Amino acid sequence: MIALALLLLWAAAGPAAAEVQVEVAVGKSVVLDSPANIVRVSVANGDLAEAVAVSPRELLINGKAPGETSLILWAQGGGRTVYNVRVEPAAARLEAVRRRLARELPNQPVEVSIEGNAVFLSGTVRDAVSAGRAAAIAGVLGKPVNLLRVAVPAADAQILLKVRFANVDQAAERELGANLLSTGALNTVGGTSTGSFTPPKVDVTPGGAQFSISDALNIFLFRPDLNLGATIRALASRRLLEILAEPNVLAIDGKPASFVSGGEFPFPTLQGGGAGLGAVTIQFREFGVRINFLPVVTPRGTIRLQVAPEVSSLDFANGLVFQGFHIPALATRRVQTEVELASGQSFVIAGLLDNRLSETISKIPGLGDIPLLGKIFQSQTRTRNHSQLLVLVTPELVVPIPAGGSVPEVAMPQALPPGTVPRTPGGAPPLVPRETVPVEKLNGGREAARSAPDGPAAAAVEFVPVPLKAPAEPK
């Protein structure tokens with residue numbers, strides 16, 4: 001009897017150990033019947049399937065997402081059944097995605113298929129935008145594996161930016177002043193000065209009074225019979241400076257470009273922190289004519305420009321002196337704007353005016369306030385500066401000179417002897433164009449272009465240590 005009971009128990013548990021295949025579609029349900037009352041149910045991945053007990057011997061399985069999972073059912077009396085639940089995508093949903101792809105991407109063979117929980121997207125599309133749209137549509141079925149190929153696009157548009165800088169700087173200066181001296185008039189030796197100009201130096205010697213002039217200015221008067229003299233400064237100067245630059249800068253659509261014409265000047269910088277606390281180093285800063293621009297070709301066929309022209313020059317008047325070194329300041333005029341033009345159209349940035357008038361009057365207190373005669377004891381310096389900057393910008397869409405076409409020659413004052421211009425030996429390897437490339441290769445090339453530096457690598461800053469003078473010890 002005991003052996004018969006064990007045999008029956010083994011027979012009841014044996015079939016339960018076998019794995020049973022169950023298939024259900026997403027959004028659909030199937031019912032599992034159990035010969036015994038169900039005690040417990042476990043689903044390995046509840047995101048794919050859901051188990052609901054509707055009666056002691058009936059179990060409802062709902063498909064939630066494509067994939068495979070395991071379901072284990074424990075029955076009353078110790079029996080256990082293992083089910084392999086395979087959730088298939090809904091055929092209607094897959095067909096809806098295929099119809100949407102055919103509608104949104106006409107004449108582009110794109111196929112979508114599902115294997116397990118993976119959505120595979122394959123075929124050929126025209127451009128990267130179509131590839132992204134196809135991946136977004138197929139994403140409603142799950143995370144897609146993008147196996148699309150993209151037709152090789154045409155070369156990006158190239159924009160030639162013609163820029164003309166015209167900077168006119170005018171300055172007028174007028175100086176007027178006088179210094180008086182006496183070598184014995186009214187038994188008095190001396191002189192008067194406003195201090196604006198270097199006065200004559202009067203020395204008393206046993207032979208009489210003598211004077212010396214270090215700055216004769218431009219008018220000198222002396223009456224030996226009256227022992228009186230005067231140095232008068234009456235100067236008027238004019239200055240005209242014109243700067244004209246016409247750079248042509250070429251850039252690819254969506255890539256920035258820049259142009260600099262000028263130089264660099266050194267200036268000291270005090271370092272701080274660490275062992276270099278208090279050390280003085282020399283850095284270099286650029287000045288001159290500069291332009292930075294970013295062209296973008298719009299779907300309308302126009303060119304949208306982000307342009308920033310700049311003109312800077314050394315300003316010694318507002319500089320400083322550091323340990324005997326004259327360090328100039330920078331006079332800068334800069335404009336940053338964004339415009340949209342058609343190819344060949346121009347825009348002008350003008351009105352960058354700078355008018356300055358400075359007047360300095362020095363006088364001797366009391367004597368300089370006397371009507372009429374007080375002008376002798378005054379000195380006056382008046383400076384007027386007028387500068388104007390005009391920038392003319394013209395963008396043009398250009399194409400390279402075809403291979404074998406005539407190349408413009410550079411006008412040389414004297415022709416170079418033949419054979420002096422080096423040539424690259426050998427020929428260029430032939431480039432085999434491709435009709436299609438994988439979408440990740442096309443996107444990878446664009447990402448590399450975006451991550452490339454905007455312009456040439458900046459020159460390393462040169463640091464030159466400058467010894468500081470030791471502080472003088474108090475006496």
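Residues to consider are F293, F377; find the one that is among the aromatic types (F, W, Y), crowded, with 17+ Cβ neighbours inside 10 Å and modelled with pLDDT of 80 or more. Before you say what the answer is, go through the steps one by one.
On the way: F377 fails: modelled with pLDDT of 80 or more.
After applying the criteria, what remains is F293.
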Inset, instruction - Check I370 against each of (1) closer than 16 Å to A178 by Cα; (2) at pLDDT 75 or above; (3) surrounded by 15 or more Cβ atoms within 10 Å (Cβ to Cβ); (4) of a type in the set (V, I, T) and name the one condition it does not meet. - result: (3)
Inset, instruction - Would you check which residues across region 106-137 are under 36 Å from the mean Cα position of the chain (by Cα) and not in a strand (DSSP E or B) and list them? - result: R126, D127, A128, V129, S130, A131, G132, R133, A134, A135, A136, I137
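Considering only region 202-220, I want to know if a residue exists there that is modelled with pLDDT of 75 or more, surrounded by 15 or more Cβ atoms within 10 Å (Cβ to Cβ) and out of contact with any Asp or Glu (no Cβ under 8 Å at 6 or more places or on another chain).
Applying the first criterion (modelled with pLDDT of 75 or more) to region 202-220 yields none.
So far as region 202-220 goes, no, none of its residues is modelled with pLDDT of 75 or more, surrounded by 15 or more Cβ atoms within 10 Å (Cβ to Cβ) and out of contact with any Asp or Glu (no Cβ under 8 Å at 6 or more places or on another chain).
Can you tell me how many residues within region 47-66 are among the aliphatic types (A, V, I, L, M), surrounded by 14 or more Cβ atoms within 10 Å (Cβ to Cβ) and under 60 Å from the mean Cα position of the chain (by Cα)?
Taking region 47-66 as the starting set, the residues that turn out to be among the aliphatic types (A, V, I, L, M) are 48-49, 51-54, 59-61, 65.
Retained after the next criterion (residues that are surrounded by 14 or more Cβ atoms within 10 Å (Cβ to Cβ)): 48-49, 51, 53, 59-61, 65.
Filter again for under 60 Å from the mean Cα position of the chain (by Cα), leaving 48-49, 51, 61, 65.
Residues that pass the stated criteria total 5.
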Inset, instruction - Report, ordered by the first and then the second residue, all pairs with beta carbons closer than 9 Å, sequence separation of six or more or different chains, a first member in region 323-338 that is farther than 30 Å from V393 by Cβ, and a second member that is charged (D, E, K, R) and exposed (fewer than 15 other Cβ atoms within 10 Å of the Cβ). - result: Q323/K469
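Tally time: how many residues in region 335-367 are under 30 Å from L390 (Cα atoms), hydrophobic (A, V, I, L, M, F, W, C) and open to solvent by 50 Å² or more (accessible area, probe 1.4 Å)? Before you say what the answer is, go through the steps one by one.
From region 335-367, those under 30 Å from L390 (Cα atoms) are 335-359; that's our starting set.
Filter once more, keeping what is hydrophobic (A, V, I, L, M, F, W, C): 335, 339, 341-342, 347-350, 352-353, 357.
Next cut, open to solvent by 50 Å² or more (accessible area, probe 1.4 Å) only: 348, 350, 353, 357.
Residues that pass the stated criteria total 4.
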Legend entry - Matching strands (runs of 3 or more DSSP E) fully within region 305-414 where at least 2 residues are over 30 Å from L244 (Cβ atoms): 347-363, 378-398
Inset, instruction - Go through (1) without any contact (Cβ under 8 Å) to a residue 60 or more places away in the chain; (2) under 26 Å from the mean Cα position of the chain (by Cα); (3) open to solvent by 50 Å² or more (accessible area, probe 1.4 Å) one by one and return the number of the condition A308 breaks. - result: (3)
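The values are calculated or read from the model by the stated rules, or taken from the named source; none is laboratory data. Here the structure is a predicted model, which means the values were calculated and not measured. Positions of Cβ are generated from backbone atoms using ideal geometry, with glycine treated the same way; all protein chains shown enter the neighbour counts. Accessible surface is based on the protein model in full, side chains and every heavy atom, while ligands, DNA and RNA are left aside. Shrake-Rupley method; radii C 1.70, N 1.55, O 1.52, S 1.80 Å.
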